[in-house]
Amino acid sequence: MILYIERWLKAPFQKKDGEIVQRKAGTPHGGVISPVLANLFMHDAFDMWMVRTNPQAPLERYVDDAIIHCKTKTEAEETLKKLKERLEECKLELHPTKTKIVYCKDKDRKSEYPNTEFDFLDIPFEGYL
């Protein structure tokens, strides 16, 4: 099975104009097995790591998009720092513009924060949550 996955990951692909391109790294976008491989890898690289190192922080993840819930700004900053280090160990990196600490307001907290909205799976979340 591993042999077939390795061959599939290294196989060249053909563009719409007919040009054959050698694959350099990663899984092809739109490939039928790409989400499965990503989830298998992220289960250990992210999910189980979070359970071991941040069991108090609930999370949602779909392939390579995730939301981590923290109770304080300090906890969020520390979690983000540790997550960057963990992903570097796994030869991965956080998306520089999509990765941010977002404050989710409620009716009892009126303070202003720079980030109070985000998109998750192309669904916008904004304002009071």
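For the reader, a short list of remarks on this structure follows.
- Order of Ile123, Ile67 - criterion: other Cβ atoms within 10 Å of each residue's Cβ, fewest first: Ile123, Ile67
- Using a Gaussian network model of the chain in which every pair of alpha carbons under 10 angstrom is joined by a spring, one finds that among Asp64, Asp17, Asp119 the greatest mean-square fluctuation is at Asp17.
- Where only DSSP H runs of four or more residues are counted, the chain gives -9000 deg cm²/dmol as its mean residue ellipticity at 222 nm, each run worth -39500 (n - 2.57).
- Exposure proxy ranking for Cys70, Cys90, based on other Cβ atoms within 10 angstrom of each Cβ and starting from the fewest, stands as Cys90, Cys70.
- For the chain, radius of gyration divided by Kirkwood radius, i.e. Rg to Rh on alpha-carbons: 1.06
- Dipole orientation for the stretch 1-116: of the candidates Val102, Thr79, Ala25, Val102 has the Cα lying most toward the positive pole (charges on Cβ; Lys, Arg +1; Asp, Glu -1).
- Of Lys24/Lys91; Lys10/Lys98; Lys73/Lys107; Lys73/Lys98, pairs whose Cα-Cα distance is over 24 Å: Lys10/Lys98
- From least to most packed, judged by other beta carbons within 10 angstrom and beginning with the fewest, Thr53, Thr74, Thr116 follow the order Thr74, Thr53, Thr116.
- Working from Cα pairs under 8 Å separated by at least six residues, relative contact order for the chain is 13 percent.
Just so you know, all these numbers are worked out from the coordinates, no wet-lab data involved. Every value quoted in this text rests on a predicted model; they were computed, and no experiment measured them. Every residue, glycine among them, receives a Cβ derived from its backbone with ideal geometry; neighbour counts consider all protein chains shown.
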